[in-house]
Structures are given as C-alpha cells and as structure tokens.
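Structure record follows, encoded as structure tokens.
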Amino acid sequence: MVSRMFRIETGDDKERRDLLRRRLLETNTAASPVLRALRGTPGEREVPLHVWALAEDGTLAGGLAGHTWTTWLHVTYLWVDGLHRGTGLGSRLLTEAERAAGTRGCTAARVETWDFQAPDFYRKQGYEVVSVIPDYPPGITEYTLTKSWPPST
C-alpha cells in the first residue's frame with residue numbers, strides 16, 4: 001500500500017461542492033445499472049410538486065412542497081395553519097399530492113418528520129415507519145416513513 005499525503009481543508013466552496021456532486025453522480029452511474037438506465041430520461045430529474053390550500057380571503061391555509069423523482073414522491077414540507085388543523089386539510093393536501101404524483105408515474109412516497117410533528121398523522125394515511133433516528137437533533141426523534149400504491153391507469 002502506498003502512503004500519500006493530503007491537505008485536508010474545511011469551509012464552504014461552491015465550485016468544489018458542485019465538482020463533488022458531479023463526480024459522485026458519475027461514480028454512482030457507473031456502479032448502478034438502474035441509475036445508468038435513468039440517465040438522459042425524464043425520470044432522471046427531480047420535478048417540483050406543490051399543493052396549496054387557500055382560505056376564503058386568499059391567505060395560505062396550508063400547503064405541501066415536495067418533488068417527484070423516478071417513481072417516488074418526496075414530501076419535503078407539509079404544513080396546515082393552526083386555525084385549520086383537525087379539519088382534514090392535511091389529509092386532503094397529502095392525498096392530492098399522491099394523486100398528482102401518480103399521474104407522473106409514481107407508486108411510492110417518502111417523508112421525514114419529527115416525533116412532535118406528525119408521525120401518527122402519516123401512519124393514519126397508510127405510511128409505514130422505515131427508519132427511526134433518536135436524538136436528531138438531541139432530544140428529538142426523526143422518523144422516515146414510506147407508502148406505496150398501485151400504478152395509475
């Protein structure tokens with residue numbers, strides 16, 4: 001084995017970060033037939049998916065922001081104003097996002113949520129816990145949940 005000396009640095013560097021991302025993409029593409037098959041197809045890119053609920057006066061009552069990628073919906077944010085919680089609005093937003101994702105060929109969804117947020121809400125919507133990370137951040141547990149459904153026809 002050859003011993004090499006490296007200079008290790010820390011700090012923000014957009015150019016290096018972008019190069020790192022490109023190199024990782026190249027390495028992953030070379031290593032994975034699945035990712036290689038995606039290159040150059042519409043499924044290769046993340047496509048934003050947003051659903052909004054507006055109150056009668058036009059103010060934001062709730063919303064969902066996420067994206068689709070390959071056959072997955074990734075829910076990044078789901079929020080309902082306190083005045084409208086318990087009315088089913090969160091369920092309606094999530095259902096509409098899943099429906100819209102289905103029209104894009106999605107058959108599954110994922111979401112991350114903290115213990116004080118909505119793990120029980122997602123379970124009631126048919127999501128299953130696939131990962132639990134305690135103390136992320138300290139004193140809080142993070143859950144990753146997923147759900148799958150049949151392809152849209």
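Pairing the Cα long axis of helix 14-31 with the longest principal axis of the chain, what angle in degrees results, from 0 to 90 and rounded to the nearest 10? Once rounded, one gets 90 degrees.
Dipole size of region 50-153 about its Cα centre, with +1 on Lys/Arg Cβ and -1 on Asp/Glu Cβ: approximately 380 debye, rounded to the nearest 20.
Averaging the sequence gap over all C-alpha pairs within less than 8 Å and six or more residues apart, then dividing by the number of residues, gives the chain a relative contact order of 15 percent. Radius of gyration over Kirkwood radius for the chain, both on Cα atoms: the Rg/Rh ratio is 1.07.
For region 121-126, backbone phi angles converted through the Karplus equation (6.51, -1.76, 1.60; θ = phi - 60°) give residue-by-residue couplings of 4, 5, 4, 5, 8, x Hz, Gly and Pro being listed as x. The angle separating the long axis of helix 89-103 from the principal Cα axis of greatest extent in the chain is about 50 degrees.
Once the C-beta distance of His84 and Glu44 is scaled by a Förster radius of 35 Å, the resulting FRET efficiency is 0.45 to the nearest 0.05.
The length gained by stretching the chain between Trp149 and Glu15 to full extension, at 0.36 nm per residue less their Cα-Cα distance, is 44.3 nm. Between Ala109, Ile140, Gly66, the Cα set farthest toward the positive side of the dipole of region 46-148 (charges on each charged residue's Cβ, about the Cα centre) is that of Ala109. Backbone amide hydrogens, once placed in the peptide plane, bring Gly105 within less than 5 Å of nothing, excluding anything fewer than 5 places away on its chain. When each of the peptides 36-43, 90-97 is scored by the mean number of other C-beta atoms lying within 10 Å of its residues, the order from highest to lowest reads 90-97, 36-43.
The numbers here are math on the coordinates, done by the rules we state, and not lab data. Computed from a predicted model, the values in this text were never measured in an experiment. Note that each Cβ is placed from the backbone with ideal geometry, even for glycine, and that neighbours are counted across all protein chains shown.
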